[in-house]
1. Restricting to region 337-354, name every residue that is of a type in the set (Ser, Thr, Tyr), more than 6 Å from the ligand (Cβ to nearest atom) and in contact with a helix residue (DSSP H, G or I) (Cβ under 8 Å, 6 or more places away or on another chain).
2. Across region 267-285, which residue is nearest to residue 242 (Cα to Cα) among those that are part of a loop (DSSP other than H, G, I, E, B) and either touching a Lys or Arg at 6+ places or on another chain (Cβ under 9 Å) or within 9 Å of the ligand (Cβ to nearest atom) (or both)?
3. Would you mind telling me which numbered condition in (1) more than 14 Å from residue 355 (Cβ to Cβ); (2) in contact with a Gly (Cβ under 9 Å, 6 or more places away or on another chain); (3) near the ligand (Cβ under 9 Å from one of its atoms) residue 334 fails?
4. In region 254-262, is there at least one residue being in contact (Cβ under 8 Å) with a residue 40 or more places away in the chain, away from the ligand (no atom under 16 Å from the Cβ) and buried (at least 20 other Cβ atoms within 10 Å of the Cβ)?
5. Scan region 63-96 for residues that are buried (at least 21 other Cβ atoms within 10 Å of the Cβ) and of a type in the set (A, V, I, L, M) and jot them down.
6. For region 169-180, state whether one or more residues are farther than 30 Å from residue 290 by Cβ, touching a Leu at 6+ places or on another chain (Cβ under 6 Å), free of Cβ contacts under 8 Å to residues at least 24 places away in the same chain and surrounded by 16 or more Cβ atoms within 10 Å (Cβ to Cβ).
7. Inspect all residues belonging to region 232-246 and state whether any of them is away from the ligand (no atom under 16 Å from the Cβ), within 18 Å of residue 332 (Cβ to Cβ) and either in contact with a Gly (Cβ under 8 Å, 6 or more places away or on another chain) or not basic (Lys, Arg) (or both).
8. Among the helices (runs of 4 or more DSSP H) confined wholly to region 84-180, which include 2 or more residues that are more than 28 Å from residue 11 (Cα to Cα)?
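The values are calculated or read from the model by the stated rules, or taken from the named source; none is laboratory data. What you are looking at is a predicted structure, and each value in this text was computed from that prediction instead of being measured. We place every Cβ from the backbone using ideal geometry, glycine too, and count neighbours over all the protein chains shown.
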Amino acid sequence: MRILIAEDAIVSRRLLQQCLQQWGYDVVVASNGAEAWQLFSAGDAHFPIVISDWMMPEMDGLDLIRRIRASSGSNYVYTILLTAKSEREDVVAGMEAGADDFLRKPFDREELRVRLRAGERIVQLEQTLAAQNRELRQRVEEVETFAYTASHDLQTPLRTFGSYAQLLLADYGKVLDEEGRELCEEILEDALHMKTLLDSLLEYSRIGREPTPAVEVDVKTVLDWVLHDLRPEIAETGATVQVPEGLPRVVYPEGRLTQIFGNLMSNALKFNEAGKPVVKVCCDEAAQVYRFTVQDNGIGIAPEHADRIFNIFERLHTRDTYPGTGAGLTIVKKIVEFHGGEIGVTSTPGEGSAFWFTVPKAGERPCSD
Ligand code: ADP
């Protein structure tokens, strides 16, 4: 394993180098923080472990560790601060800068050896975790590509089934008996339903695959559009929709935000058994995110189903009771998470549900997909 040493005191530097080389480490030495930073940031070699003195001219150990932390991205670097300081506030300052461990000066060989071993274990665990993450990400991408290709390629044969069933009904409807006609109608109906499912799957796998630019969006305008589109449902159910004043502007792909609110609002109107739906939109502001909630007085969701409903094609009711495909919330969840947010629901069966999601404030995260 390669180790970078930053130490301006020549004797201590030599001793460290000697020990580490004896134990089989590949050692690179720097005589001050600035030189160490140059070696570290040159990018030719990755240093999984850095041992740095605290007090050094030009750039001290804290500054060096801070820079390493800010730049090392997914490659974890285990840092050991070499110091004569041992006061509580020194330990806090060192840890806050990002140091993983301390070694008292003048250092003890045995202590250095065990601390390095602990560091090595953590670096190895981090490397295994990073490799597993890469593999997992690759698998997810493969599955998404499969879903995209399958849902795309199945559209054509499905259209053919539908058209043939339609032709059969139009041209041979008189020849067929009642049962034959019913069967044809069922084929047609199922082909239509399957088309809706494939469209949803295609829509799901498109998120993050086809760029939709993030722009500054007025949430109130988005909600106006959503309510405009839902006018028939609102009129039919006699629902009351409450939207608060002073909604923020966010940086987000406008179509995606419309999809999120559209789905949550339409569910809030749909999953209501008796009485008139009352749907409330709220917005809470936290340090880094806006949290939006769509609350209803509908049928609610039993706690054991609260996670399930975000899985694709999972529904708690038959299509005859409440129409739908069971893909809406999965699509919403993927959009929200792709844009750095979180989504969840709190609900009481028979009383209603509150679906919430967060949107990072502008500058907290790039928001295009
Ligand atoms: P769909 O609306 O097409 O069924 P969704 O993915 O939007 O699909 O929702 C999945 C399931 O979650 C719904 O079938 C329903 O059982 C439940 N659900 C979603 N929203 C609500 C809500 N506001 N109140 C009660 N149940 C809900």
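1. Within region 337-354, just 347 meets the criteria.
2. 277
3. (3)
4. Yes, region 254-262 has at least one match.
5. 64, 65, 68, 77, 80, 81, 82
6. No, the conditions are met nowhere in region 169-180.
7. No, there is no match, as no residue in region 232-246 is away from the ligand (no atom under 16 Å from the Cβ), within 18 Å of residue 332 (Cβ to Cβ) and either in contact with a Gly (Cβ under 8 Å, 6 or more places away or on another chain) or not basic (Lys, Arg) (or both).
8. So the answer is 109-153, 155-172.
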